[in-house]
1. Considering only the stretch 64-85, state which residues are modelled with pLDDT under 70 and part of a loop (DSSP other than H, G, I, E, B).
2. Has the stretch 277-297 got any residue that is buried (at least 24 other Cβ atoms within 10 Å of the Cβ), assigned by TED's automatic domain parsing to the domain that holds Ser216, in contact (Cβ under 8 Å) with a residue 40 or more places away in the chain and part of a helix (DSSP H, G or I)?
3. Among the residues of the stretch 30-50, which ones are loosely packed, with under 13 Cβ neighbours inside 10 Å and closer than 30 Å to Arg362 by Cα?
4. Would you point out which residue out of Ala198, Ala188, Ala184 is buried (at least 20 other Cβ atoms within 10 Å of the Cβ), in contact with a Ser or Thr (Cβ under 6 Å, 6 or more places away or on another chain) and among the small types (Gly, Ala, Ser)?
5. Just to be sure, is Thr316 modelled with pLDDT under 95, on the phi < 0 side of the Ramachandran plot and either out of contact with any Phe, Trp or Tyr (no Cβ under 8 Å at 6 or more places or on another chain) or in the same structural domain as Ile262 (by TED's automatic domain parsing) (or both)?
6. Which ones in the stretch 203-237 are out of contact with any helix residue (DSSP H, G or I) (no Cβ under 9 Å at 6 or more places or on another chain) and of a type outside the set (Ser, Thr, Tyr)?
7. Being assigned to a loop (DSSP other than H, G, I, E, B) and small (Gly, Ala, Ser) is the filter here, so list the residues in the stretch 104-124 that pass it.
8. Please identify the pairs in which a residue from the stretch 23-52 that is in the same structural domain as Ala63 (by TED's automatic domain parsing) has its Cβ atom under 7 Å from the Cβ atom of a residue that is acidic (Asp, Glu), counting only partners at least 6 apart or on another chain.
Amino acid sequence: MSTTLYFDDLIATQSLVSSRITLTETHIVLFAGLTGDFNPLHMDEESARQGTFGRRIAHGMLAHSISTGLRSSIDDWAIIAFLETHRRFVAPVFAGDTLHYVAEIEELRKSQSNPARGIARVKLRLLNQGAEVVQDGEDVFAVACRPGGRVMSPRLQGHVALITGGAGGIGSAICQRLAQEGAAVIIADLGPGVAELAHSLTTRGYQAIAVNLDVSSRDSWTAVMADLPPAFKAVDILVNVAGIVRDRTLIKMTDEEWDAVIDVNLRGSWMGCQFGLAAMVGHGWGRIINIASTAILGTYGQANYSSAKAGVVGLTHTVALEAARHGVLVNAVAPGIVETSILASVPEEVRARWIAKMPLGRPAQPAEIASVVAFLASDDASYMSGQVLIVDGGATTGDY
């Protein structure tokens, strides 16, 4: 049985992923019968081959109907009313395409006229089997607030979490998930959006602050840890997410490109472990979670990044041994390909080739990585330390 989600349960930038559906001949014939649209471009293979696309395309409104059906498969919100709906047809949908739907909550705000409801603005994308966007748009809903107010999950209540790279795609999802789990969250980053994310969380009733942190600088770490407000001083969860890429083949890679990636991804994680463990010693409880990558197996053009992430795995194993006597558990999460701005910058044909190799047929959403981090940060993982959890949709299965 699904659980009703009220306005108070939603978090900004949360991503929702639907099930998948393959567009079949039956869909096309049934839709034509319902609408009376028997255009040969939809119905006749020979006629379609003479057209612009050289193959049969689905009715535009059939794709819209499918996206609406998939939309209902990914959540069970307490929706009071649909206030706005916008759709844009980006690319044709063909017979045989396998479609799935991704929704990202862009904005949440309380209704000024009715305190019993909130307004949610949701960005929508319908993708095919090659992760090409075929339709996008947005919906605006009025969503009922939970009777009696927000019920906060107690898993991390009373804990303080510092997340480096907290304004990035994966980092922001982790910040929001840990806040939703009850932790006071320190969003540490140098990039844009840090203050905005903290403001978004605090206006929803969560505890969050933004700090500027250069993870590769000892002086920056010292200053940040010293200047934390009293309510955020007792850091007992540290998540090392901050990372950069400077891709180039080995022979062409420069010293600067090597050093920059090692400094942020490896030195930054090492320094985070050092300052994080120092803050946790004496508490008898702590969690350090490092974000590694399946690039530890080797990735073309990423000698610097693969080496840094392999180093993060070795760091995780070693710190786990040293931290155990203090009651601090240290683990790593190794994501595969994740739907972030970095993936969006990859050429379409390269991305399609990657996705074709994935057993689940799609990249991970940042929220799916955040859920694993939340597990490792909680007492549900109380007997796990020194482990690396690969979260890649089965892409590396058999590679070991």
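The values are calculated or read from the model by the stated rules, or taken from the named source; none is laboratory data. This one's a predicted model, so the numbers in the text were calculated from it and none came from an experiment. All Cβ positions, even for glycine, are placed from backbone atoms using ideal geometry, and neighbour counts span all protein chains on display.
1. Ser72, Ser73, Ile74, Asp75
2. Quick first cut of the stretch 277-297, residues buried (at least 24 other Cβ atoms within 10 Å of the Cβ) only: 287-293.
With the extra rule that they be assigned by TED's automatic domain parsing to the domain that holds Ser216, the set shrinks to 287-293.
After this cut, where a residue has to be in contact (Cβ under 8 Å) with a residue 40 or more places away in the chain as well, the list is 287-293.
Next, from what is left, pick out any that are part of a helix (DSSP H, G or I): none.
There is no residue in the stretch 277-297 that is buried (at least 24 other Cβ atoms within 10 Å of the Cβ), assigned by TED's automatic domain parsing to the domain that holds Ser216, in contact (Cβ under 8 Å) with a residue 40 or more places away in the chain and part of a helix (DSSP H, G or I).
3. Scanning the stretch 30-50 gives Leu30, Glu45, Arg49.
4. Numbers: Ala198 fails: in contact with a Ser or Thr (Cβ under 6 Å, 6 or more places away or on another chain); Ala184 fails: in contact with a Ser or Thr (Cβ under 6 Å, 6 or more places away or on another chain).
Criteria check complete, one pass: Ala188.
5. In short, no.
6. Residues satisfying the conditions are Asp219, Ala223, Ala226, Asp227, Leu228, Pro229, Pro230, Ala231, Phe232.
7. Taking the stretch 104-124 as the starting set, the residues that turn out to be assigned to a loop (DSSP other than H, G, I, E, B) are 111-116.
Of everything in the stretch 104-124, those that are assigned to a loop (DSSP other than H, G, I, E, B) and small (Gly, Ala, Ser) turn out to be Ser111, Ser113, Ala116.
8. Listed pairs, sorted by first residue: Leu23/Asp97.
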